[in-house]
Amino acid sequence: MKNVTVKEIVKACNGILLCGKDTMPILHVSYDSREKKEKMLFVPLLGERADGHSYISSAFENGAVATFTCKHKLKDIPNEQRKYAWILVEDTKMALQRVAAWYRRQLAMPIVGVTGSVGKTTTRAMIAEALSGSFSVYQTKGNLNSQVGVPVMLLETGEEEIAVLEMGISEFGEMDRLTQMVAPEIAVITCIGVAHIEQLKTREHICMEKMAITHGMKQDGILLLNGDDKMLAQKKNSVPQKVYYYGTGKECEFRAEHIHMEGGNTEFLFVCQEDKIPVSIPTPGRHNILNALAALAVCKLSGASVEEGAKKLSKFQGIAMRQQIYQMDSYTVIDDSYNANPDSMKAGLQVLMEYPAQGRKVAVLGDMLELGEQEIEFHREMGKFAAEIGVDNLCTFGILSSYMEEAAKQANKQIQTKHFENREELAVFLKRLLKPEDVVLLKGSRGMKLNLVADILKEQ
(Lines give C-alpha, C1' and ligand atoms only; values in the text may rest on other atoms or scores of the structure.)
Protein backbone atom coordinates (compact mmCIF):
# COMPACT_ATOMS: atom_id res chain seq x y z
CA MET A 1 0.00 0.00 0.00
CA LYS A 2 1.39 3.41 -0.90
CA ASN A 3 0.60 7.10 -0.52
CA VAL A 4 -2.48 6.61 1.66
CA THR A 5 -3.39 8.74 4.66
CA VAL A 6 -5.89 8.29 7.46
CA LYS A 7 -7.93 11.12 5.93
CA GLU A 8 -8.26 9.24 2.64
CA ILE A 9 -9.23 6.03 4.42
CA VAL A 10 -11.90 7.84 6.45
CA LYS A 11 -13.37 9.30 3.27
CA ALA A 12 -13.20 6.00 1.37
CA CYS A 13 -15.14 4.05 4.02
CA ASN A 14 -17.56 6.84 4.99
CA GLY A 15 -16.18 6.74 8.51
CA ILE A 16 -15.73 9.29 11.27
CA LEU A 17 -12.31 10.03 12.77
CA LEU A 18 -12.79 9.94 16.54
CA CYS A 19 -9.22 10.90 17.43
CA GLY A 20 -5.68 10.84 16.04
CA LYS A 21 -4.10 12.73 13.14
CA ASP A 22 -5.72 12.46 9.72
CA THR A 23 -2.36 13.14 8.07
CA MET A 24 -0.90 9.91 9.43
CA PRO A 25 0.33 7.63 6.60
CA ILE A 26 -0.87 4.02 6.44
CA LEU A 27 1.32 1.40 4.77
CA HIS A 28 -0.36 -1.88 5.74
CA VAL A 29 -3.74 -3.32 6.70
CA SER A 30 -4.35 -6.41 8.84
CA TYR A 31 -7.13 -8.14 10.75
CA ASP A 32 -4.61 -10.09 12.87
CA SER A 33 -3.59 -8.17 15.98
CA ARG A 34 -0.47 -10.34 16.28
CA GLU A 35 1.00 -9.07 13.03
CA LYS A 36 3.86 -6.65 13.36
CA LYS A 37 3.95 -4.25 10.44
CA GLU A 38 5.01 -0.64 10.25
CA LYS A 39 2.21 1.99 10.17
CA MET A 40 -0.60 -0.57 10.09
CA LEU A 41 -4.37 -0.15 10.13
CA PHE A 42 -6.03 -2.82 12.27
CA VAL A 43 -9.45 -4.14 11.19
CA PRO A 44 -11.32 -5.74 14.15
CA LEU A 45 -13.70 -8.27 12.66
CA LEU A 46 -16.82 -9.60 14.33
CA GLY A 47 -16.60 -13.39 14.21
CA GLU A 48 -18.75 -16.22 15.49
CA ARG A 49 -16.26 -17.05 18.23
CA ALA A 50 -14.39 -13.82 18.82
CA ASP A 51 -14.77 -10.07 18.51
CA GLY A 52 -11.73 -8.35 17.06
CA HIS A 53 -12.47 -5.23 19.09
CA SER A 54 -11.10 -7.12 22.10
CA TYR A 55 -7.67 -7.14 20.47
CA ILE A 56 -7.32 -3.48 19.50
CA SER A 57 -4.93 -2.78 22.38
CA SER A 58 -2.78 -5.75 21.36
CA ALA A 59 -2.67 -4.44 17.80
CA PHE A 60 -1.38 -1.07 19.05
CA GLU A 61 1.27 -2.83 21.14
CA ASN A 62 2.41 -4.64 17.99
CA GLY A 63 2.80 -1.48 15.95
CA ALA A 64 -0.64 -0.56 14.59
CA VAL A 65 -1.20 3.20 14.37
CA ALA A 66 -4.90 3.16 13.41
CA THR A 67 -7.98 1.01 13.86
CA PHE A 68 -11.53 0.68 12.65
CA THR A 69 -14.24 0.36 15.27
CA CYS A 70 -18.00 -0.05 15.18
CA LYS A 71 -18.38 -0.21 18.98
CA HIS A 72 -16.56 2.80 20.43
CA LYS A 73 -17.29 6.44 21.01
CA LEU A 74 -14.63 8.96 21.94
CA LYS A 75 -15.46 8.64 25.64
CA ASP A 76 -14.76 4.89 25.47
CA ILE A 77 -11.18 5.36 24.25
CA PRO A 78 -8.46 5.48 26.96
CA ASN A 79 -6.51 8.75 26.98
CA GLU A 80 -3.21 7.00 26.29
CA GLN A 81 -4.66 5.50 23.08
CA ARG A 82 -6.05 8.73 21.65
CA LYS A 83 -2.77 9.37 19.84
CA TYR A 84 -3.80 6.56 17.50
CA ALA A 85 -6.35 7.04 14.72
CA TRP A 86 -9.71 5.54 15.71
CA ILE A 87 -12.12 5.42 12.77
CA LEU A 88 -15.77 4.82 13.56
CA VAL A 89 -17.56 2.78 10.88
CA GLU A 90 -20.90 1.03 10.61
CA ASP A 91 -19.38 -2.37 9.76
CA THR A 92 -15.64 -3.11 9.90
CA LYS A 93 -15.62 -5.74 7.13
CA MET A 94 -17.64 -3.51 4.83
CA ALA A 95 -15.31 -0.60 5.61
CA LEU A 96 -12.32 -2.75 4.66
CA GLN A 97 -13.97 -3.64 1.36
CA ARG A 98 -14.85 -0.01 0.61
CA VAL A 99 -11.27 1.09 1.20
CA ALA A 100 -10.00 -1.73 -1.03
CA ALA A 101 -12.39 -0.72 -3.83
CA TRP A 102 -11.26 2.90 -3.55
CA TYR A 103 -7.59 1.90 -3.53
CA ARG A 104 -8.07 -0.27 -6.62
CA ARG A 105 -9.26 2.80 -8.54
CA GLN A 106 -5.94 4.49 -7.74
CA LEU A 107 -3.91 1.65 -9.25
CA ALA A 108 -2.68 1.73 -12.83
CA MET A 109 -1.50 -1.90 -12.79
CA PRO A 110 -3.63 -4.56 -14.53
CA ILE A 111 -5.05 -7.34 -12.36
CA VAL A 112 -5.70 -10.96 -13.28
CA GLY A 113 -8.53 -12.49 -11.24
CA VAL A 114 -8.61 -16.28 -10.84
CA THR A 115 -11.61 -18.31 -9.70
CA GLY A 116 -13.11 -21.77 -10.17
CA SER A 117 -14.20 -24.81 -8.20
CA VAL A 118 -10.85 -26.61 -8.42
CA GLY A 119 -7.31 -25.51 -9.14
CA LYS A 120 -7.55 -21.80 -8.24
CA THR A 121 -4.44 -21.71 -6.11
CA THR A 122 -2.17 -23.71 -8.42
CA THR A 123 -3.41 -21.84 -11.49
CA ARG A 124 -2.88 -18.49 -9.76
CA ALA A 125 0.64 -19.53 -8.76
CA MET A 126 1.45 -20.75 -12.28
CA ILE A 127 0.14 -17.53 -13.84
CA ALA A 128 2.27 -15.45 -11.48
CA GLU A 129 5.31 -17.63 -12.17
CA ALA A 130 4.88 -17.40 -15.95
CA LEU A 131 4.30 -13.62 -15.88
CA SER A 132 7.43 -13.13 -13.77
CA GLY A 133 9.48 -13.85 -16.87
CA SER A 134 8.39 -10.43 -18.20
CA PHE A 135 6.95 -8.37 -15.31
CA SER A 136 7.29 -7.75 -11.61
CA VAL A 137 4.31 -9.62 -10.19
CA TYR A 138 2.23 -9.42 -7.03
CA GLN A 139 0.09 -12.43 -6.14
CA THR A 140 -2.25 -13.64 -3.43
CA LYS A 141 -0.39 -15.01 -0.43
CA GLY A 142 -1.49 -18.34 0.99
CA ASN A 143 -5.25 -18.82 0.80
CA LEU A 144 -6.32 -15.19 1.34
CA ASN A 145 -9.02 -15.36 -1.33
CA SER A 146 -12.15 -14.55 0.70
CA GLN A 147 -14.34 -11.54 1.47
CA VAL A 148 -11.66 -10.47 3.94
CA GLY A 149 -8.55 -11.92 2.33
CA VAL A 150 -9.07 -10.35 -1.10
CA PRO A 151 -9.32 -6.72 0.11
CA VAL A 152 -6.27 -7.19 2.34
CA MET A 153 -4.30 -8.61 -0.59
CA LEU A 154 -5.49 -5.81 -2.84
CA LEU A 155 -4.35 -3.22 -0.32
CA GLU A 156 -0.91 -4.81 -0.13
CA THR A 157 -0.17 -4.14 -3.81
CA GLY A 158 2.10 -1.25 -4.60
CA GLU A 159 5.09 -1.04 -6.90
CA GLU A 160 4.49 -4.16 -9.04
CA GLU A 161 3.65 -4.11 -12.76
CA ILE A 162 0.83 -6.68 -12.61
CA ALA A 163 -1.13 -8.56 -9.93
CA VAL A 164 -2.69 -12.04 -9.87
CA LEU A 165 -5.43 -12.36 -7.26
CA GLU A 166 -7.28 -15.51 -6.28
CA MET A 167 -11.02 -15.04 -5.73
CA GLY A 168 -12.89 -17.73 -3.78
CA ILE A 169 -16.60 -17.86 -2.96
CA SER A 170 -18.91 -20.13 -1.02
CA GLU A 171 -22.23 -18.28 -0.95
CA PHE A 172 -24.55 -16.34 -3.24
CA GLY A 173 -23.53 -12.75 -3.92
CA GLU A 174 -19.92 -13.07 -2.77
CA MET A 175 -18.38 -12.89 -6.25
CA ASP A 176 -20.23 -9.67 -6.99
CA ARG A 177 -18.61 -8.03 -3.96
CA LEU A 178 -15.16 -9.38 -4.82
CA THR A 179 -15.18 -8.37 -8.46
CA GLN A 180 -16.44 -4.87 -7.69
CA MET A 181 -13.31 -4.48 -5.57
CA VAL A 182 -10.80 -6.21 -7.84
CA ALA A 183 -12.15 -5.08 -11.25
CA PRO A 184 -9.86 -7.49 -13.14
CA GLU A 185 -8.69 -6.78 -16.68
CA ILE A 186 -8.36 -10.52 -17.25
CA ALA A 187 -10.49 -13.12 -15.45
CA VAL A 188 -9.74 -16.85 -15.43
CA ILE A 189 -12.28 -19.54 -14.50
CA THR A 190 -10.66 -22.95 -14.05
CA CYS A 191 -13.69 -25.25 -13.89
CA ILE A 192 -17.15 -25.75 -12.45
CA GLY A 193 -17.36 -28.52 -9.86
CA VAL A 194 -19.33 -29.23 -6.70
CA ALA A 195 -17.22 -27.43 -4.11
CA HIS A 196 -19.58 -25.42 -1.83
CA ILE A 197 -22.63 -27.11 -3.34
CA GLU A 198 -24.07 -27.29 0.19
CA GLN A 199 -24.51 -23.51 0.09
CA LEU A 200 -25.00 -22.95 -3.66
CA LYS A 201 -27.23 -26.03 -4.18
CA THR A 202 -26.55 -26.84 -7.87
CA ARG A 203 -23.67 -26.79 -10.36
CA GLU A 204 -25.70 -24.35 -12.45
CA HIS A 205 -25.80 -21.94 -9.51
CA ILE A 206 -22.06 -22.44 -8.96
CA CYS A 207 -21.40 -21.64 -12.62
CA MET A 208 -23.59 -18.53 -12.44
CA GLU A 209 -21.76 -17.27 -9.35
CA LYS A 210 -18.33 -17.89 -10.88
CA MET A 211 -19.36 -16.13 -14.10
CA ALA A 212 -20.35 -13.12 -12.00
CA ILE A 213 -16.64 -12.25 -11.98
CA THR A 214 -17.41 -10.36 -15.21
CA HIS A 215 -19.76 -7.95 -13.38
CA GLY A 216 -16.83 -5.88 -12.13
CA MET A 217 -14.98 -5.91 -15.46
CA LYS A 218 -15.02 -3.33 -18.22
CA GLN A 219 -16.54 -4.35 -21.54
CA ASP A 220 -13.07 -4.48 -23.12
CA GLY A 221 -11.93 -6.97 -20.46
CA ILE A 222 -10.98 -10.56 -21.24
CA LEU A 223 -12.57 -13.72 -19.86
CA LEU A 224 -10.42 -16.85 -20.14
CA LEU A 225 -12.29 -20.13 -19.69
CA ASN A 226 -11.39 -23.82 -19.49
CA GLY A 227 -12.75 -25.19 -22.77
CA ASP A 228 -12.54 -28.78 -21.49
CA ASP A 229 -15.21 -27.97 -18.90
CA LYS A 230 -18.63 -28.75 -20.39
CA MET A 231 -20.46 -25.99 -18.55
CA LEU A 232 -17.91 -23.29 -19.34
CA ALA A 233 -17.72 -24.38 -22.97
CA GLN A 234 -21.27 -23.07 -23.41
CA LYS A 235 -20.50 -19.52 -22.21
CA LYS A 236 -18.89 -18.11 -25.35
CA ASN A 237 -21.56 -15.49 -26.05
CA SER A 238 -23.02 -15.05 -22.56
CA VAL A 239 -21.02 -11.96 -21.49
CA PRO A 240 -20.09 -8.66 -23.15
CA GLN A 241 -16.35 -9.22 -22.62
CA LYS A 242 -14.13 -11.02 -25.12
CA VAL A 243 -14.05 -14.75 -24.32
CA TYR A 244 -11.10 -17.05 -25.03
CA TYR A 245 -10.77 -20.76 -24.29
CA TYR A 246 -7.83 -22.87 -23.20
CA GLY A 247 -7.82 -26.67 -23.26
CA THR A 248 -7.12 -29.71 -25.39
CA GLY A 249 -9.94 -29.34 -27.91
CA LYS A 250 -9.43 -28.00 -31.43
CA GLU A 251 -11.90 -25.19 -30.80
CA CYS A 252 -9.72 -23.72 -28.01
CA GLU A 253 -7.68 -20.65 -28.95
CA PHE A 254 -4.94 -21.82 -26.56
CA ARG A 255 -4.45 -25.55 -26.56
CA ALA A 256 -2.08 -28.37 -25.67
CA GLU A 257 -0.98 -30.86 -28.29
CA HIS A 258 1.42 -33.83 -28.28
CA ILE A 259 1.00 -34.42 -24.55
CA HIS A 260 3.55 -36.72 -22.92
CA MET A 261 3.71 -37.60 -19.24
CA GLU A 262 6.52 -39.51 -17.61
CA GLY A 263 7.19 -39.74 -13.90
CA GLY A 264 6.51 -36.42 -12.29
CA ASN A 265 7.11 -34.49 -15.53
CA THR A 266 4.63 -33.40 -18.18
CA GLU A 267 5.46 -32.20 -21.69
CA PHE A 268 3.24 -30.69 -24.36
CA LEU A 269 3.17 -28.23 -27.23
CA PHE A 270 1.49 -24.89 -26.52
CA VAL A 271 -0.42 -23.92 -29.65
CA CYS A 272 -1.91 -20.48 -30.34
CA GLN A 273 -2.46 -19.58 -33.98
CA GLU A 274 1.01 -19.81 -35.54
CA ASP A 275 2.78 -20.09 -32.19
CA LYS A 276 3.94 -23.58 -31.24
CA ILE A 277 6.02 -23.54 -28.10
CA PRO A 278 7.32 -26.68 -26.31
CA VAL A 279 6.49 -26.75 -22.61
CA SER A 280 7.83 -28.98 -19.85
CA ILE A 281 6.51 -28.75 -16.30
CA PRO A 282 7.78 -30.76 -13.29
CA THR A 283 4.25 -31.50 -12.08
CA PRO A 284 2.13 -34.56 -12.90
CA GLY A 285 -1.49 -34.81 -13.97
CA ARG A 286 -3.62 -33.66 -16.90
CA HIS A 287 -5.20 -30.95 -14.74
CA ASN A 288 -1.78 -29.31 -14.45
CA ILE A 289 -1.60 -29.13 -18.23
CA LEU A 290 -4.74 -26.98 -18.07
CA ASN A 291 -3.24 -24.88 -15.28
CA ALA A 292 -0.11 -24.27 -17.34
CA LEU A 293 -2.19 -23.50 -20.45
CA ALA A 294 -4.09 -20.83 -18.50
CA ALA A 295 -0.79 -19.33 -17.35
CA LEU A 296 0.66 -19.15 -20.85
CA ALA A 297 -2.60 -17.84 -22.29
CA VAL A 298 -2.51 -14.99 -19.75
CA CYS A 299 1.05 -14.26 -20.85
CA LYS A 300 -0.08 -14.00 -24.46
CA LEU A 301 -3.12 -11.86 -23.64
CA SER A 302 -1.22 -9.49 -21.34
CA GLY A 303 1.72 -8.89 -23.66
CA ALA A 304 4.21 -10.98 -21.71
CA SER A 305 6.63 -13.34 -23.43
CA VAL A 306 5.16 -16.82 -23.75
CA GLU A 307 8.64 -18.26 -24.27
CA GLU A 308 9.90 -16.71 -21.02
CA GLY A 309 6.73 -17.88 -19.30
CA ALA A 310 7.37 -21.45 -20.43
CA LYS A 311 10.93 -21.24 -19.09
CA LYS A 312 9.60 -20.12 -15.71
CA LEU A 313 7.04 -22.94 -15.61
CA SER A 314 9.76 -25.51 -16.28
CA LYS A 315 10.98 -24.82 -12.73
CA PHE A 316 7.59 -24.54 -11.05
CA GLN A 317 7.73 -26.43 -7.75
CA GLY A 318 4.07 -26.57 -6.87
CA ILE A 319 2.43 -25.62 -3.59
CA ALA A 320 2.63 -27.32 -0.23
CA MET A 321 0.10 -30.13 0.27
CA ARG A 322 -1.07 -29.89 -3.34
CA GLN A 323 0.22 -32.97 -5.12
CA GLN A 324 3.69 -32.53 -3.67
CA ILE A 325 5.75 -35.63 -4.50
CA TYR A 326 8.31 -36.92 -2.01
CA GLN A 327 10.67 -39.72 -3.06
CA MET A 328 11.47 -41.58 0.13
CA ASP A 329 14.02 -44.36 0.44
CA SER A 330 11.42 -47.11 0.39
CA TYR A 331 8.28 -45.53 -1.16
CA THR A 332 6.82 -42.40 -2.79
CA VAL A 333 4.40 -40.01 -1.05
CA ILE A 334 2.00 -37.79 -3.01
CA ASP A 335 0.85 -35.22 -0.48
CA ASP A 336 -2.39 -33.74 -1.81
CA SER A 337 -3.94 -33.21 1.60
CA TYR A 338 -4.67 -29.47 1.47
CA ASN A 339 -8.35 -29.90 0.58
CA ALA A 340 -10.73 -32.11 -1.36
CA ASN A 341 -13.94 -32.27 -3.35
CA PRO A 342 -15.04 -34.92 -5.87
CA ASP A 343 -13.35 -33.24 -8.82
CA SER A 344 -9.99 -32.70 -7.14
CA MET A 345 -10.04 -36.17 -5.60
CA LYS A 346 -10.55 -37.77 -9.02
CA ALA A 347 -7.65 -35.70 -10.35
CA GLY A 348 -5.46 -36.86 -7.45
CA LEU A 349 -6.36 -40.51 -8.02
CA GLN A 350 -5.51 -40.18 -11.70
CA VAL A 351 -2.10 -38.76 -10.80
CA LEU A 352 -1.57 -41.74 -8.48
CA MET A 353 -2.42 -44.24 -11.22
CA GLU A 354 -0.31 -42.46 -13.86
CA TYR A 355 2.74 -42.32 -11.62
CA PRO A 356 5.37 -44.85 -12.84
CA ALA A 357 6.22 -47.32 -10.13
CA GLN A 358 6.74 -51.05 -9.80
CA GLY A 359 4.95 -51.39 -6.50
CA ARG A 360 1.35 -50.93 -5.33
CA LYS A 361 -0.83 -47.87 -5.75
CA VAL A 362 -2.18 -46.96 -2.28
CA ALA A 363 -4.90 -44.31 -1.84
CA VAL A 364 -5.56 -42.74 1.55
CA LEU A 365 -8.82 -40.82 1.23
CA GLY A 366 -10.46 -38.74 3.93
CA ASP A 367 -13.90 -37.19 4.21
CA MET A 368 -14.93 -34.52 1.69
CA LEU A 369 -16.77 -31.84 3.65
CA GLU A 370 -19.44 -29.26 2.74
CA LEU A 371 -21.12 -31.38 0.07
CA GLY A 372 -24.63 -30.96 1.39
CA GLU A 373 -27.45 -33.44 0.90
CA GLN A 374 -25.53 -35.45 -1.70
CA GLU A 375 -22.52 -36.10 0.52
CA ILE A 376 -23.10 -39.86 0.85
CA GLU A 377 -23.65 -40.22 -2.89
CA PHE A 378 -20.43 -38.31 -3.64
CA HIS A 379 -18.42 -40.49 -1.26
CA ARG A 380 -19.84 -43.68 -2.76
CA GLU A 381 -19.00 -42.38 -6.23
CA MET A 382 -15.41 -41.76 -5.17
CA GLY A 383 -14.99 -45.24 -3.70
CA LYS A 384 -16.34 -46.77 -6.91
CA PHE A 385 -14.01 -44.58 -8.99
CA ALA A 386 -10.95 -45.60 -6.94
CA ALA A 387 -11.79 -49.27 -7.35
CA GLU A 388 -12.49 -49.03 -11.08
CA ILE A 389 -9.27 -47.25 -12.02
CA GLY A 390 -7.22 -49.97 -10.31
CA VAL A 391 -6.10 -48.73 -6.89
CA ASP A 392 -4.46 -51.67 -5.09
CA ASN A 393 -5.07 -50.54 -1.51
CA LEU A 394 -7.67 -48.09 -0.25
CA CYS A 395 -7.48 -46.66 3.27
CA THR A 396 -10.36 -44.42 4.26
CA PHE A 397 -10.42 -41.96 7.15
CA GLY A 398 -13.43 -40.30 8.74
CA ILE A 399 -17.13 -40.99 9.14
CA LEU A 400 -18.24 -40.22 5.58
CA SER A 401 -15.33 -42.05 3.97
CA SER A 402 -16.77 -45.35 5.24
CA TYR A 403 -19.18 -45.08 2.29
CA MET A 404 -16.14 -44.94 0.00
CA GLU A 405 -14.84 -48.18 1.39
CA GLU A 406 -18.24 -49.86 1.04
CA ALA A 407 -18.65 -48.75 -2.59
CA ALA A 408 -15.08 -49.72 -3.47
CA LYS A 409 -15.61 -53.27 -2.21
CA GLN A 410 -18.81 -53.57 -4.22
CA ALA A 411 -17.12 -52.34 -7.41
CA ASN A 412 -13.95 -54.45 -7.14
CA LYS A 413 -13.68 -57.54 -4.95
CA GLN A 414 -9.89 -57.58 -5.39
CA ILE A 415 -9.20 -54.19 -3.85
CA GLN A 416 -7.72 -54.21 -0.36
CA THR A 417 -9.52 -51.79 1.95
CA LYS A 418 -9.33 -50.67 5.56
CA HIS A 419 -11.27 -47.94 7.34
CA PHE A 420 -9.97 -45.70 10.15
CA GLU A 421 -11.41 -43.07 12.43
CA ASN A 422 -8.19 -42.51 14.33
CA ARG A 423 -5.39 -40.60 12.59
CA GLU A 424 -2.56 -42.14 14.63
CA GLU A 425 -3.77 -45.69 13.95
CA LEU A 426 -3.91 -44.88 10.25
CA ALA A 427 -0.31 -43.62 10.27
CA VAL A 428 0.97 -46.71 12.12
CA PHE A 429 -0.84 -48.99 9.67
CA LEU A 430 0.61 -47.21 6.64
CA LYS A 431 4.16 -47.35 7.98
CA ARG A 432 3.76 -51.12 8.22
CA LEU A 433 1.93 -51.50 4.90
CA LEU A 434 4.17 -49.52 2.56
CA LYS A 435 6.98 -51.39 0.81
CA PRO A 436 9.72 -50.36 -1.62
CA GLU A 437 8.37 -49.05 -4.94
CA ASP A 438 4.89 -48.39 -3.49
CA VAL A 439 3.22 -45.02 -4.16
CA VAL A 440 0.77 -43.56 -1.64
CA LEU A 441 -1.66 -40.66 -2.21
CA LEU A 442 -3.13 -38.70 0.72
CA LYS A 443 -6.25 -36.70 -0.12
CA GLY A 444 -9.06 -35.27 2.01
CA SER A 445 -10.69 -32.06 3.15
CA ARG A 446 -8.51 -29.72 5.15
CA GLY A 447 -10.41 -30.47 8.34
CA MET A 448 -9.32 -34.12 8.16
CA LYS A 449 -5.67 -33.06 8.65
CA LEU A 450 -4.19 -35.82 6.52
CA ASN A 451 -1.12 -33.61 6.20
CA LEU A 452 -0.18 -34.84 9.68
CA VAL A 453 -0.19 -38.41 8.37
CA ALA A 454 1.85 -37.32 5.35
CA ASP A 455 4.42 -35.74 7.68
CA ILE A 456 4.79 -39.03 9.56
CA LEU A 457 5.27 -40.95 6.30
CA LYS A 458 7.97 -38.50 5.26
CA GLU A 459 9.94 -39.36 8.40
CA GLN A 460 12.34 -42.21 7.78
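The values are calculated or read from the model by the stated rules, or taken from the named source; none is laboratory data. Computed from a predicted structure; not experimentally measured. No Cβ is skipped: glycine too gets one built from the backbone with ideal geometry, and neighbour counts run over all protein chains shown.
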> If you go through segment 126-147 one residue at a time, how many are touching a residue at least 60 places away in the same chain (Cβ under 8 Å) and either under 11 Å from G168 (Cβ atoms) or of a type in the set (D, E, K, R) (or both)?
Replying inline: 1
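Between V188, V194, which is more than 27 Å from E274 (Cβ to Cβ), β-branched (V, I, T) and not in a helix (DSSP H, G or I)?
Values: V188 fails: more than 27 Å from E274 (Cβ to Cβ).
Just a single option satisfies the conditions, and that option is V194.
From the list G142, G133, which one is farther than 18 Å from L301 by Cβ and either surrounded by fewer than 19 Cβ atoms within 10 Å (Cβ to Cβ) or under 17 Å from the mean Cα position of the chain (by Cα) (or both)?
Working: G133 fails: farther than 18 Å from L301 by Cβ.
Exactly one residue qualifies, and that residue is G142.
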>> Return the residues of segment 148-182 that are surrounded by fewer than 20 Cβ atoms within 10 Å (Cβ to Cβ) and touching a helix residue (DSSP H, G or I) at 6+ places or on another chain (Cβ under 6 Å); say none if nothing qualifies.
In response: S170, E171, D176, Q180
> Can you name the residue in segment 361-416 that is among the acidic types (D, E) and touching a His at 6+ places or on another chain (Cβ under 7 Å) and, of all such residues, is surrounded by the most Cβ atoms within 10 Å (Cβ to Cβ)?
Replying inline: E405
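The rows are residues; the columns are (1) in the same structural domain as L293 (by TED's automatic domain parsing); (2) surrounded by fewer than 22 Cβ atoms within 10 Å (Cβ to Cβ); (3) among the β-branched types (V, I, T); (4) at pLDDT 95 or above.
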| residue | (1), (2), (3), (4) |
| --- | --- |
| K236 | yes, yes, no, no |
| E253 | yes, yes, no, yes |
| T266 | yes, no, yes, no |
| L269 | yes, yes, no, yes |
> From the list F254, F316, which residue is touching a Leu at 6+ places or on another chain (Cβ under 6 Å) and touching a residue at least 24 places away in the same chain (Cβ under 8 Å)?
Replying inline: F254
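This table checks each residue for (1) free of Cβ contacts under 8 Å to residues at least 24 places away in the same chain; (2) on the phi < 0 side of the Ramachandran plot; (3) surrounded by fewer than 21 Cβ atoms within 10 Å (Cβ to Cβ).
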site: K2; (1), (2), (3): no, yes, yes
site: K7; (1), (2), (3): yes, yes, yes
site: P25; (1), (2), (3): yes, yes, yes
site: R34; (1), (2), (3): no, yes, yes
site: M40; (1), (2), (3): no, yes, no
> Identify, please: which residue in segment 234-268 is more than 26 Å from the chain's Cα centre (by Cα) and not in a loop (DSSP other than H, G, I, E, B) and is, among those, nearest to V439 (Cα to Cα)?
Replying inline: E262
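Please go through segment 197-223 and give me each residue that is in a loop (DSSP other than H, G, I, E, B) and surrounded by 15 or more Cβ atoms within 10 Å (Cβ to Cβ), ordered by number. Show your work before the answer.
Step one: list which residues in segment 197-223 are in a loop (DSSP other than H, G, I, E, B), which gives 201-202, 217-221.
Those that are in a loop (DSSP other than H, G, I, E, B) and surrounded by 15 or more Cβ atoms within 10 Å (Cβ to Cβ): M217, G221.
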